[in-house]
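Everything below concerns the one structure shown next.
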Amino acid sequence: MERPRILVVGGGFAGVECARRLERRLSPAEAEIALVTPYSYQLYLPLLPNVAAGVLTPQSVAVSLRRTLRRTNIIPGGAIGVDTQAKMCVIRAITDEVVVKRYDYLVLAPGSITRTFDIPGLNQYARGMKTLAEAAYIRDHVIAQLDLASATQDRAERESRLQFVVVGGGYAGTETAACLQRLTTAATKRYPRLDPRLVKWHLIDIAPRLMPELGDKLGRTALDILRRRGIDISLGVSVAEVGADSVKFTDGRLIPSRTLIWTAGVAASPLVGTLGAETVKGRLAVTADMRVPQLDGVFALGDAAAVPDLAKGDGAVCPPTAQHGQRQGKTVADNVVALLRNQPLAAYRHRDLGLVVDLGGADAVSKPLGVELHGPAAQAVARGYHLMALRTNVAKARVAVNWTLNATAGDDFVRTGFQARRPAALRDFEYTDSYLTREQVKEYTTSLLAKG
């Protein structure tokens with residue numbers, strides 16, 4: 001008999017953890033395991049601000065799937081549609097060739113994309129912090145602004161190149177602003193023609209508090225740390241319009257700036273829309289064991305699924321964090337094995353272990369198991385957590401060495417020239433226009449079925 005086919009969509013925390021556990025729980029004779037992902041690595045997303053700031057190299061946060069997965073078939077591409085009736089997944093390979101993969105059990109962990117709004121100029125001029133390419137691009141872009149500001153004689157141009165705007169007061173935005181501000185502060189020492197006082201960072205968020213999940217005390221501590229460094233923080237404010245050399249805020253201020261980093265939240269992958277299943281605020285509605293109701297053999301987890309948070313109760317759903325994604329991956333793998341072996345399925349239940357926020361250098365705030373910390377102690381907890389969460393010893397060693405090297409030798413502020421001649425926009429990195437409609441998905445699967 002042909003082995004059951006398990007298809008895992010997504011190479012993030014949830015998908016990779018699921019595939020790893022399936023390999024451990026199932027013998028090669030019990031099932032065929034495949035993973036659809038456009039990259040041959042699992043991105044350790046929480047450390048992207050460190051990459052943008054040059055504290056870590058890109059390779060150090062790209063954990064090799066070839067080291068992690070031993071017998072999973074890695075399909076290099078992205079899932080762009082699913083026909084749940086025919087049990088087929090439509091995949092756009094990295095060559096742009098469209099292929100269709102059959103499955104018996106489908107695990108959907110396609111992650112999320114940067115959430116945007118209908119703001120004039122946003123999609124054209126904003127950059128995100130969601131992919132490794134974006135982090136590398138932003139580093140090049142920021143250093144390029146210093147180079148160009150140092151070379152120009154035009155005062156207005158210099159002013160616009162030396163002001164940077166980060167939108168989003170969550171973890172990603174706060175860490176990005178904090179780490180990149182340290183980068184520019186250190187870099188200006190190598191630019192004798194630049195007045196360091198002209199370099200300004202703005203962090204804005206529509207919410208009334210910075211990182212509200214941390215609580216009032218730690219949130220205020222983080223706010224004070226960043227303001228002491230000279231970062232201008234505006235709460236209750238968003239972006240009204242973005243131009244090539246200016247950003248207009250909703251409070252009427254017009255900031256001369258050629259850099260807008262957009263981290264104002266995420267939205268579930270557009271793949272969710274091809275299933276025709278029920279959603280909760282854009283995420284797939286799933287049961288406590290992470291099955292998608294009415295869809296045979298389909299599980300969903302991670303950022304793309306509204307997984308009930310049984311530890312909190314009251315109808316809460318799990319936040320889209322790496323911590324939940326990894327643990328959901330293990331539970332889904334166990335449930336797929338249980339289905340194969342006609343055993344009962346388990347509900348997902350996990351109490352949050354806490355939060356860590358790296359503000360660069362010795363500055364950090366963290367809340368492990370509810371204990372509030374800041375300063376070097378919080379930084380030790382944050383870096384210890386990240387090292388523990390990295391999946392391979394090679395990745396742990398690279399990150400630890402990079403941290404040590406940066407702390408002792410500093411940065412050379414080198415640009416690699418990544419997309420130097422062509423300014424990049426959000427869609428250039430996340431390929432959000434690649435997904436199919438439900439009708440297009442049906443056309444591909446019907447065509448394949450007709451061929452037999």
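Data table
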| item | result |
| --- | --- |
| Members of segment 251-286 that are free of Cβ contacts under 8 Å to residues at least 60 places away in the same chain and polar (S, T, N, Q) | T279 |
| Considering residues of segment 366-383 that are open to solvent by less than 40 Å² (accessible area, probe 1.4 Å) and over 18 Å from the mean Cα position of the chain (by Cα) only, the residue farthest from D224 (Cα to Cα) | P368 |
| Enumeration of residues in segment 267-302 that are open to solvent by 10 Å² or more (accessible area, probe 1.4 Å) and in a strand (DSSP E or B) | A267, A268, T279, V280, R283, A285, R291 |
| Candidates L35, L43, L48 - the one that is over 17 Å from V9 (Cα atoms), surrounded by 21 or more Cβ atoms within 10 Å (Cβ to Cβ) and touching a helix residue (DSSP H, G or I) at 6+ places or on another chain (Cβ under 7 Å) | L48 |
| Subset tally (residues that are among the charged types (D, E, K, R) and part of a strand (DSSP E or B)) for segment 240-252 | 2 |
| Every residue from segment 226-239 that is open to solvent by less than 40 Å² (accessible area, probe 1.4 Å) and part of a strand (DSSP E or B) | I233, S234, V239 |
| Members of segment 156-175 found to be of a type outside the set (A, V, I, L, M) and either touching a Leu at 6+ places or on another chain (Cβ under 6 Å) or at pLDDT 95 or above (or both), listed by number | E157, R158, E159, S160, R161, Q163, F164, G168, G169, G173, T174, E175 |
| Segment 433-452, subset of a type in the set (S, T, Y) and open to solvent by less than 60 Å² (accessible area, probe 1.4 Å), residue modelled with the lowest pLDDT | S447 |
| Matching residues in segment 244-266 - criterion: being farther than 17 Å from H324 by Cβ, open to solvent by 10 Å² or more (accessible area, probe 1.4 Å) and out of contact with any Leu (no Cβ under 8 Å at 6 or more places or on another chain) | A244, D245, T250, D251, G252, R253, L254, I255, P256, R258, T263, A264 |
| Sole residue being surrounded by fewer than 20 Cβ atoms within 10 Å (Cβ to Cβ) and either outside any helix (DSSP H, G or I) or touching a residue at least 12 places away in the same chain (Cβ under 8 Å) (or both), chosen from R20, R71 | R71 |
| Scan of segment 146-178 for residues that are closer than 17 Å to H202 by Cα, in a helix (DSSP H, G or I), open to solvent by 10 Å² or more (accessible area, probe 1.4 Å) and not aliphatic (A, V, I, L, M), ordered by number | R158, E159, R161, Y171, E175 |
| Top-ranked residue of segment 101-121 - restricted to ones that are modelled with pLDDT of 95 or more and among the aliphatic types (A, V, I, L, M), ranked as farthest from R5 (Cα to Cα) | I119 |
| Selection within segment 303-316 - open to solvent by 10 Å² or more (accessible area, probe 1.4 Å) and either under 13 Å from V280 (Cα atoms) or outside any loop (DSSP other than H, G, I, E, B) (or both) | D303, P308, G315, A316 |
| Counted residues, segment 355-375 - those being β-branched (V, I, T) and either touching a Cys at 6+ places or on another chain (Cβ under 9 Å) or over 23 Å from A52 (Cα atoms) (or both) | 1 |
| Residue pairs meeting the criteria (Cβ under 7 Å; at least 6 apart or on separate chains; first over 9 Å from P320 (Cα atoms), in segment 292-306; second aliphatic (A, V, I, L, M) and in a helix (DSSP H, G or I)) | F299/V332; F299/V336; L301/A14; L301/V332 |
| Pair list, Cβ under 8 Å, 6 or more apart: segment 74-100 residue in contact (Cβ under 8 Å) with a residue 60 or more places away in the chain and among the polar types (S, T, N, Q), other residue in a loop (DSSP other than H, G, I, E, B) and surrounded by fewer than 17 Cβ atoms within 10 Å (Cβ to Cβ) | T84/G276; T84/D296 |
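The values are calculated or read from the model by the stated rules, or taken from the named source; none is laboratory data. Since the structure is predicted, the reported quantities are computational estimates derived from the model, not experimental observations. Virtual Cβ from ideal backbone geometry, glycine too; neighbours counted across all protein chains shown. These area figures cover heavy atoms from the full protein model, side chains too; ligands, DNA and RNA do not enter into them. Shrake-Rupley method; radii C 1.70, N 1.55, O 1.52, S 1.80 Å.
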